[in-house]
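First the structure, in the form of C-alpha cells, and then the observations on it.
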Amino acid sequence: MDEAGILQDFDRLEARIDQLVRTCEVLKAEKSALLDRVGELEALLTQKDEAQALLEQERAQVRSKVEGLLARLSGQQEEEV
C-alpha cells in the first residue's frame, strides 16, 4: 500500500471516529433528557400517591361521620317506637 492509500485510510478512520463522537454526544444529551423526564414523572407519581392517600383518609372520616349519623338516627327511631 502506498502513502496516498495509507493517508486515505487514515482520513476514513478519522471521519468514522468523528461520526462516532457526534453520535455519543447526541446519545448523552438524549440520556440526560430522559433522566430528567424520569425524575419529573417520579415526582408527579409521588404527588399523586400522596393525594390518593389524603383522599382515602378523607373518605374514611366521612364514612365514619355518616355511620355515626346513621347510628344516631337509628337510635332515635328505636326510642320513638
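Among residues other than Glu3 with Cβ under 13 Å from its Cβ, the summed charge is -3 (Lys and Arg +1, Asp and Glu -1). Dipole of the chain computed with +1 at Lys/Arg Cβ and -1 at Asp/Glu Cβ about the Cα centre; of Leu7, Leu54, Leu70, farthest Cα towards the positive end is Leu70.
Measure nothing fancy, just the Cα-based angle from helix 3-80's long axis to the longest principal axis of the chain, in degrees from 0 to 90, nearest 10. The two axes meet at around 0 degrees. In straight-distance terms, cross-link reach from Lys65 covers every one of the aspartates and glutamates whose alpha-carbon lies under 19 Å from its own, apart from those fewer than eight places away in the same chain; here that gives Glu56. Placing a label point 7 Å from the Cα of Glu50 along the Cα-to-Cβ line, the residues of segment 18-41 whose backbone N sits under 18 Å from it are 39-41.
Read-outs: derived from the displayed coordinates by stated rules, not from any lab. Since this is a predicted model, take the numbers as computed values, not measurements. Note that we place each Cβ from the backbone using ideal geometry, even for glycine, and neighbour counts take in every protein chain shown.
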